[in-house]
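Trainee: My questions all concern the structure below.
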Amino acid sequence: MKTPGETEPVMYGMNSRLVKKDGVVQEEVWKIGGMYGEALQKIVSWLDKAAEVAENDRQREVIRLLTEFYRTGDLKTFDAYSIVWLKDTDSQVDFVNGFIESYGDPLGIKASWESIVNFKDLEATRRTELISENAQWFEDHSPVAPQFRKEKVKGVSAKVITAAMLGGDLYPSTAIGINLPNSNWIRSVHGSKSVTIGNLTSAYNQAARGNGFRDEFVYSPVEIGLLDKYADITGDLHTDLHECLGHGSGRLLPGVDPDALKAYGSTIEEARADLFGLYYIPDPRMVELGLVPDAEAYKAEYYAYMMNGLMTQLVRIEPGCNVEEAHMRNRQLIARWALEQGAEQKVVELVVRDGKTFVRINDYEQLRSLFGRLLAEVQHIKSEGDYEAARQLVETYAVRIDPALHAEVLERYRQLHLAPYKGFINPVYTPCYDAEGRWTDVKVDYTEGYAAQMLRYSRDYANVTED
C-alpha cells in the first residue's frame, strides 16, 4: 500500500487486519460500522461528553479529530489529530487515546488500543521543560555521526503528569513514560510530545524499598548506598531523557522507510532512546542545569541498568524461553554488548561470591564511553534502515539467555516472595451533585480491590463482541 517517495505517509495497517474472502485479500478497518464498532461507539460517546467541558478550543479540536478518526478509520485524519494533539501544550488535563503502540506485533505494524487520562504536575514539569529547552545542545553534542543528527530539533515538548485513569494496553501494567506521535514524518516536521508519569514512578520507587531485593542482588554496600541515595532521582531523569530527547533525536536519511528494520525496529528504537539517556546522565551539563545533585549520582542508574539488563529482568521470563518483549530485549542488548565489549579491560564483570552471581562495575567512565559507541552504531542502523545490521545486533545480544544464570536468578527471586510485574488499580470516581442536580465535585475512592475491579469492568464495559 505504500507509495515510494511519499513525504507524508500514513501508518498503513495500524488500525486494520487483512483477510482473504472469496480468494481476494481485503482490509477490515477498526472503526464505527466496521471492526470493534460497538466498543468504538462507546469511546466516542464519552469523548463527545469530554468535548463539552474541554479546557480550550485546541483541546476541543483534538477531541473532534479523534472522534472523526474513530468514525471513519481514515489514517490521514489520525495524522491530523496527532499534529493538533502534540501542539496542545497549554491544557492542564490531557489524554492519550487510540491504536498507538505496535510492540506486540512481530512486524511492528498493527497497533494495540490504549488510553491514559492525566493532569500536569506543575512543579515536576519544570525539570522536563529544562531538558526540552536544551534539546538542541544535547543533539549537537551527541556521539552520533553528524549526518545522522538533526540540524534543528523541532517541537520537543515535555511534562511530568499524574495519571488519573488507565485503560487498554496501559492497564493494569503500564508505561512510566510516553513519547508520541509515532509517525516519523510528523516527528521530523512538527515535533513530539513527551510525558513522564510521575505518580507511577513514585509508586514504583516506594514499593522497591525494604523488600529485600537490593540486599539479594546488589554487589556490595557501596552500590546499595548509591541506589538508596540517588536511584529515585536518576531513574526519573533517565526516563525524562529517554522520552523527551532520546526518541526525538537523530534522523532518517532521505528515502529510508521508517519500517525498514521490520521485526527489529521496536528493539532498536528503544535501545536508541535508552542509550541517549545513559550517555547523558553523567555529563557535567546535568550538574550545571541542576538536574542531578553531583557528579556521582549517575552511577546509581548505571548500576541499576546493568544489573537489570544482565540479570534481574530475567525473573519475568519462564525457564527455557527467550527474551521476546522489545523493551526487555533492548535492555539486554545494551547490557550484554557493554559486558562483552568491555571484557578485556574488565569494565563490567559478572562475579560469583558464595555461590551467587553479581554485577560489578569497575570503571564507570569507560562504561559511559561504551554506551556512546553503541549509541552511534544504533543510530547509524536506524538512519540507514540497515535491516541486516539490526538483525545481527538483536539476535546476537538481545534474545538468548544463559540457562544456568536464569535458573539461579529465578531461585533467588523466588525466595523473596515478590511478584515479577507490578500493576495499578484505577480509582473509582463518583460525581457529586447539589440539591438542584448541578455537578459540584468528584469523590475519589481507592478501596476497590483488583479482582473486584476486573469483574466490574467485564460486567459493565464488555463492548467488544467481534470474534
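Trainee: Kindly provide the set of residues from the stretch 247-264 that are assigned to a helix (DSSP H, G or I) and either at pLDDT 95 or above or of a type in the set (Phe, Trp, Tyr) (or both), ordered by number.
Mentor: Our first condition is that a residue be assigned to a helix (DSSP H, G or I); within the stretch 247-264, this holds for 262-264.
Listed by number, the list holds a single entry, TYR264.
Trainee: Applying the selection to the stretch 37-49, what residues are closer than 16 Å to GLY167 by Cα and touching a strand residue (DSSP E or B) at 6+ places or on another chain (Cβ under 9 Å)?
Mentor: Within the stretch 37-49, ALA39, LEU40, ILE43, LEU47 meet the criteria.
Trainee: Among (1) surrounded by fewer than 15 Cβ atoms within 10 Å (Cβ to Cβ); (2) at positive phi; (3) not in a loop (DSSP other than H, G, I, E, B), there is one condition GLY98 misses while meeting the rest; what is its number?
Mentor: (1)
Trainee: Can you tell me which residue in the stretch 336-348 is surrounded by the fewest Cβ atoms within 10 Å (Cβ to Cβ), limited to those that are over 26 Å from the mean Cα position of the chain (by Cα) and in a helix (DSSP H, G or I)? Before the answer, list the steps.
Mentor: The first filter runs over the stretch 336-348 and keeps only residues over 26 Å from the mean Cα position of the chain (by Cα), leaving 340-348.
Add one more test, that the residue is in a helix (DSSP H, G or I), and what stays is 340-341.
Values: GLU340: 13, GLN341: 17.
Once the filter is applied, the top-ranked residue is GLU340.
Trainee: Does any residue in the stretch 369-382 that is touching a residue at least 12 places away in the same chain (Cβ under 8 Å) and of a type in the set (Phe, Trp, Tyr) come within less than 9 Å, Cβ to Cβ, of a residue that is surrounded by fewer than 24 Cβ atoms within 10 Å (Cβ to Cβ) and not in a helix (DSSP H, G or I) six or more places away or on a different chain, and which pairs are these?
Mentor: Matching pairs, first to second residue: PHE371/PRO143.
Trainee: Mind checking which residues of the stretch 132-165 are under 15 Å from MET286 (Cα atoms), touching a residue at least 24 places away in the same chain (Cβ under 8 Å) and part of a helix (DSSP H, G or I)?
Mentor: Selection gives SER132, ALA135, TRP137, PHE138, GLU139.
Trainee: If you scan the stretch 136-160, which residues turn out to be among the hydrophobic types (A, V, I, L, M, F, W, C) and at pLDDT below 95? Steps first, answer last, please.
Mentor: Going through the stretch 136-160, the residues among the hydrophobic types (A, V, I, L, M, F, W, C) turn out to be 137-138, 144-145, 148, 153, 156, 158, 160.
Correct list: VAL153, VAL156, ALA158, VAL160.
Trainee: Would you mention how many residues in the stretch 240-256 are surrounded by fewer than 24 Cβ atoms within 10 Å (Cβ to Cβ) and touching a Gly at 6+ places or on another chain (Cβ under 6 Å)?
Mentor: Of the residues in that region, 2 qualify.
Trainee: Moving on. Scan the stretch 194-243 for residues that are in a helix (DSSP H, G or I) and of a type in the set (Ser, Thr, Tyr) and jot them down. Talk me through it step by step, then tell me what you get.
Mentor: Of the stretch 194-243, the ones in a helix (DSSP H, G or I) are 198-207, 213-217, 221-243.
Correct list: THR201, SER202, TYR204, TYR230, THR234, THR239.
Trainee: Looking at the stretch 279-297, which of its residues are among the aliphatic types (A, V, I, L, M) and closer than 20 Å to GLN136 by Cβ? Reasoning before the result, please.
Mentor: Initially, the stretch 279-297 is screened for residues among the aliphatic types (A, V, I, L, M), giving 281, 286-287, 289, 291-292, 295, 297.
Within the stretch 279-297, ILE281, MET286, VAL287, LEU289, LEU291 meet the criteria.
Trainee: Further, regarding this structure: Determine the pairs where a residue that is within 17 Å of GLN366 (Cβ to Cβ) and surrounded by 15 or more Cβ atoms within 10 Å (Cβ to Cβ), located within the stretch 281-295, has a partner that is at pLDDT 95 or above and basic (Lys, Arg) with Cβ atoms under 7 Å apart, the partner being 6 or more residues away or on another chain.
Mentor: Listed pairs, sorted by first residue: PRO282/ARG368.
Trainee: When residues of the stretch 25-36 are filtered for being under 28 Å from the mean Cα position of the chain (by Cα) and either assigned to a helix (DSSP H, G or I) or closer than 10 Å to TYR70 by Cβ (or both), how many remain?
Mentor: Within the stretch 25-36, residues that are under 28 Å from the mean Cα position of the chain (by Cα) and either assigned to a helix (DSSP H, G or I) or closer than 10 Å to TYR70 by Cβ (or both) number 3.
Trainee: Can we say ILE63 is touching a residue at least 60 places away in the same chain (Cβ under 8 Å) and either touching a Ser or Thr at 6+ places or on another chain (Cβ under 8 Å) or in a helix (DSSP H, G or I) (or both)?
Mentor: Here the answer is no, as ILE63 does not meet what is asked.
Trainee: Can you tell me which residue is farthest from LYS262 (Cα to Cα) among those in the stretch 79-116 that are hydroxyl-bearing (Ser, Thr, Tyr) and touching a residue at least 40 places away in the same chain (Cβ under 8 Å)? Break it down stepwise before answering.
Mentor: First pass over the stretch 79-116, keeping only residues hydroxyl-bearing (Ser, Thr, Tyr): 81-82, 89, 91, 102-103, 112, 115.
Next cut, touching a residue at least 40 places away in the same chain (Cβ under 8 Å) only: 82, 89, 102-103, 112, 115.
Numbers: SER82: 23, THR89: 32, SER102: 11, TYR103: 11, SER112: 17, SER115: 25 Å.
Here the residue is THR89.
Trainee: Consider LEU333 carefully, then state whether it is crowded, with 19+ Cβ neighbours inside 10 Å, of a type outside the set (Val, Ile, Thr) and not in a loop (DSSP other than H, G, I, E, B). First the steps, then the outcome.
Mentor: Working: crowded, with 19+ Cβ neighbours inside 10 Å: yes; of a type outside the set (Val, Ile, Thr): yes; not in a loop (DSSP other than H, G, I, E, B): yes.
In short, yes.
Trainee: Just the residues that are crowded, with 17+ Cβ neighbours inside 10 Å, farther than 21 Å from MET165 by Cα and under 18 Å from the mean Cα position of the chain (by Cα), please, taken from the stretch 108-145.
Mentor: Within the stretch 108-145, GLY108, LYS110, THR128, ILE131, SER132 meet the criteria.
Trainee: Another question, if that's okay. Applying the selection to the stretch 179-199, what residues are buried (at least 21 other Cβ atoms within 10 Å of the Cβ) and in contact with a strand residue (DSSP E or B) (Cβ under 8 Å, 6 or more places away or on another chain)? Spell out the reasoning first.
Mentor: Filtering the stretch 179-199 down to residues buried (at least 21 other Cβ atoms within 10 Å of the Cβ) leaves 179, 181, 183, 187, 192-198.
Those that are buried (at least 21 other Cβ atoms within 10 Å of the Cβ) and in contact with a strand residue (DSSP E or B) (Cβ under 8 Å, 6 or more places away or on another chain): ASN179, PRO181, SER192, LYS193, SER194, VAL195, THR196, ILE197, GLY198.
Trainee: Just name the residue that is surrounded by the most Cβ atoms within 10 Å (Cβ to Cβ) out of those in the stretch 158-170 that are within 26 Å of ALA231 (Cβ to Cβ) and of a type outside the set (A, V, I, L, M, F, W, C).
Mentor: Once the filter is applied, the top-ranked residue is LYS159.
Trainee: At pLDDT 95 or above and either closer than 18 Å to GLU243 by Cα or acidic (Asp, Glu) (or both): does that describe TRP113?
Mentor: Details: at pLDDT 95 or above: yes; either closer than 18 Å to GLU243 by Cα or acidic (Asp, Glu) (or both): no.
Taking the combined requirement at face value, the residue does not satisfy it.
The values are calculated or read from the model by the stated rules, or taken from the named source; none is laboratory data. Everything numeric in this text was worked out from a predicted model, so none of it was measured. We place every Cβ from the backbone using ideal geometry, glycine too, and count neighbours over all the protein chains shown.
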